[in-house]
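As structure tokens, the structure follows; a few thoughts come after it.
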Amino acid sequence: MVERADRIGRAAAYGAAAALVPYLVIKVSWVVGSLLGLLPVGRGFSLGGWLVLNTVTIGMAAAGIMLGLALVRPWGMRIPGRLVGFLAWVGAGFLVSILPFVAVSALVNSGTGSSQGSGGSAGDASMPGWEAVLLQCSFVGTGIALAVALPAYLRRRWPHALRRPERPRSRTSARSLWPAVTGAMTGLAWLYWAAGGTLGIAHRDERPAGWHVLAGVSACWALAASAAVLVLVRRRPTRLPYPLLLASAWLGSGSMFAWSGWRLPATLYVALAHPSDVSYPENVAVAVALHATAVLTGAGIMRTLARGARGPVSVPDRRAPVLPANDPSPGRVHPAPPSSSQL
């Protein structure tokens, strides 16, 4: 069974790399076409901003393809663990955590007849329909493939990290608890907005259905990660499977770090430059505070997970009596034989 799951994971890793190739090709064509004047610049962007944005996403797509190959090729086991772990965490936060949003928004849009995307240039009216579908398929395909390939890679490289650690219960420190608290606060704020709350909203009429869905999905991941890391650090008995807690904390923290880290620079730009052709539904100062908190919280949860995966070294109890190996009576403690100086 384990070998079969490993084979499926290896095939999914190749699938994750292949699914991002169309996205990479389209983004390269946009950059080249814009430079040559053959393709229009995205709405709301200058030529320089359009080139910078798509160059960054080209680099991200290339990194995603390399990550998919690293999860299956032998050289992927030789990459420094911190690097591949960070890329896998961010990649899963971007692509795996967005799968519920894609599913729910598809249902919402089919009922409302809207084609609102998840943001960025994907919703540009100048984009042909087949390009939008291809980009969406790249995201969805890579997200599903990573969800299958990552656990197989982790089992091969760090098998101990997926097993529930057996450690003596220790006092929970505030350093371990603060990510759960700030993550819950951020998640509740997003959930309030998703439910239609107006506190902290600057433009109430600029909240399409997709905006509410995205806020709700982001809130669910933040709350799930906060609850999971709280259970993990307190180490109280629970019937929840340890891999489920680990996956919730991993994906939830990755979602907060990746997506808020992606939106934070754009929100800061709007807050400082006040462009006339860009406006956010939420107050930009509040949005900046929430995104910054989410980034720090995601990093804090991941640090807690990494520290827990390493675990403390168990030290034997020196107060326990040591029985001689040839003692016929385990229930009795015999004194050690006298040393030569005592004879």
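The values are calculated or read from the model by the stated rules, or taken from the named source; none is laboratory data. This one's a predicted model, so the numbers in the text were calculated from it and none came from an experiment. All Cβ positions, even for glycine, are placed from backbone atoms using ideal geometry, and neighbour counts span all protein chains on display. The accessibility values were calculated without ligands, DNA or RNA, using every heavy atom of the protein model including side chains. Shrake-Rupley method; radii C 1.70, N 1.55, O 1.52, S 1.80 Å.
Taking (1) at pLDDT 95 or above; (2) not in a helix (DSSP H, G or I) in turn, ASP277 satisfies each apart from (1). Within region 1-58, if we keep just the residues that are hydroxyl-bearing (Ser, Thr, Tyr) and farther than 24 Å from THR142 by Cα, the residue that is modelled with the highest pLDDT turns out to be SER34. Exactly one residue out of TRP221, TRP178 is under 22 Å from PHE86 (Cβ atoms), open to solvent by 40 Å² or more (accessible area, probe 1.4 Å) and either at pLDDT below 95 or in a loop (DSSP other than H, G, I, E, B) (or both): that is TRP178.
Kindly evaluate LEU230 against the criterion of being over 24 Å from LEU199 (Cα atoms), part of a loop (DSSP other than H, G, I, E, B) and hydrophobic (A, V, I, L, M, F, W, C). Judged against the criteria, LEU230 is not a match. As a summary of the residue check, LEU245 satisfies the conditions (1) assigned to a loop (DSSP other than H, G, I, E, B); (2) buried (at least 18 other Cβ atoms within 10 Å of the Cβ) except for the one numbered (1).
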